[in-house]
Amino acid sequence: MPTCSWIREKDSDAFYAALESVPSPGGERAPSWQCPFCAAIFPKAESFRLHLEGTHTGRRPFVTFGGAEPKSTDVIRQRIDSKSVAIFDTTRAYLSRDHSTFSEIALSKVAGELARNSDGRLWIRLKNQFDANADPIHTEYDLSFRVYDDDAKLKRVDLAFVKTLGKDGVTMDDVDAFIRQTEDIAVPEYSAAMADYVIGVLVKDGDPATGIRAATRDYGSRYEGALTVLREFARPLPRLLCSLIRFSRNDFALGHMAATGFGLLDSANAQLSPLAHKGGRWTATKPTPASDEKKMTVCPVDNGSAAVLWRAGQLAATARWSRDLEAQLHAEADVPNLDPEDRQKFFALWAATAHRLGKKESAIYPLRNLAGSYCFGQWADMLLEEIDR
Ligand SMILES: [Zn+2]
């Protein structure tokens, strides 16, 4: 049995009266919005929204060094130039050396404080109190300073590197000797990165006689680790090591293409970088062959890269295609255990040279091998299409 609500009989008039809508004597009250921050009143939702966005919306505070914002956790390896520091959308700034006590610093003093650091760790907290009544917006940076701008020390490491590691037949014992020699120079990250380059070479070559563990084939992480540090140093030796690492990894981005003074490398880069760019087109300009400059051995080069470099130099100077040459290229590209990225460079040089010398049919095999590859794939697809026509 359903239950029903009940009313007292004498209330029934009032009850029924309430069911009829009775217009209020003052007329319909228009809806309105009151701003929670400044109590201003808005008749329309749209004008209220515009007021909130225009008056009470804060932006994230941030800092830039030389036009780039650091990551929230970053390593600073180049001394910060106080003139290159810019702070945006910030009302207050705080610094800490231990991440527990922060002390406020005038915004005008932040740049000078950053420029003073060469080691240690610094936390910066920026606050944007964009509205007195709203929660402020914070940005925090955790910066580790490892600035080595003592040229004399870096030069000592460079010299030790060339003396101990700039030779054929380098082994892990030589790497250990280099680390020992540079221990007291106190630029550990720099020398460790250089050692990482050489360990990367030995791992990539994979010869257990050099003292590497035969199981490790991951030279990529050594190369990447070395690159992360060495690219921050505007010195000839780290620049050369970075170029060799990028060459090995098929990284031909134009942004960091620069002459290294190592003729074979510069010539090979000049041949390969136009092929690696998206939508780039191989123009049949003859690359300048490596000059016979006075050579000095400064660093080991992994066998795969060395073979590609040598072949690139040969092909740049080749004016005539021959069956012998094609057979040699076939043999080189088909070497078992050749690093896949080195194989791609062989194929690209082969195809580009055959195409330059008008031997289109000789370019087809290497181009088909490159089709779909991330580095030279687009160029290969384009050239295959051109040859098909
Ligand atoms: Zn308001």
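Tabulated data for the structure shown
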quantity: Residue among 371, 316, 331, 312 that alone is free of Cβ contacts under 8 Å to residues at least 24 places away in the same chain and closer than 30 Å to residue 170 by Cα; calculated: 331
quantity: Residue among 226, 209, 215 that is modelled with pLDDT under 90, in a helix (DSSP H, G or I) and either outside the structural domain of residue 372 (by TED's automatic domain parsing) or more than 20 Å from the chain's Cα centre (by Cα) (or both); calculated: 209
quantity: Residue pairs meeting the criteria (Cβ under 9 Å; at least 6 apart or on separate chains; first touching a residue at least 24 places away in the same chain (Cβ under 8 Å) and open to solvent by 90 Å² or more (accessible area, probe 1.4 Å), in the stretch 34-46; second polar (S, T, N, Q) and near the ligand (Cβ under 10 Å from one of its atoms)); calculated: 36/133
quantity: Count of the stretch 51-75 residues which are within 11 Å of the ligand (Cβ to nearest atom) and either touching a residue at least 12 places away in the same chain (Cβ under 8 Å) or open to solvent by 90 Å² or more (accessible area, probe 1.4 Å) (or both); calculated: 6
quantity: Single match in 79, 125, 60 (criterion: basic (Lys, Arg), modelled with pLDDT of 90 or more and outside any strand (DSSP E or B)); calculated: 60
quantity: Residues (in contact with a Ser or Thr (Cβ under 8 Å, 6 or more places away or on another chain) and among the hydrophobic types (A, V, I, L, M, F, W, C)) located in the stretch 144-160; calculated: 145, 147, 157, 160
quantity: Filter result for the condition that a residue is free of Cβ contacts under 8 Å to residues at least 24 places away in the same chain and surrounded by fewer than 16 Cβ atoms within 10 Å (Cβ to Cβ), over 270, 234; calculated: 234
quantity: Residue within the stretch 352-364 that is of a type in the set (Ser, Thr, Tyr), more than 24 Å from residue 241 (Cβ to Cβ), open to solvent by 40 Å² or more (accessible area, probe 1.4 Å) and assigned to a helix (DSSP H, G or I) present; calculated: no
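The values are calculated or read from the model by the stated rules, or taken from the named source; none is laboratory data. All values derive from a computational prediction rather than experimental measurement. Every residue, glycine among them, receives a Cβ derived from its backbone with ideal geometry; neighbour counts consider all protein chains shown. Heads up: the accessible areas ignore ligands, DNA and RNA and are worked out on the full protein's heavy atoms, side chains in. Shrake-Rupley method; radii C 1.70, N 1.55, O 1.52, S 1.80 Å.
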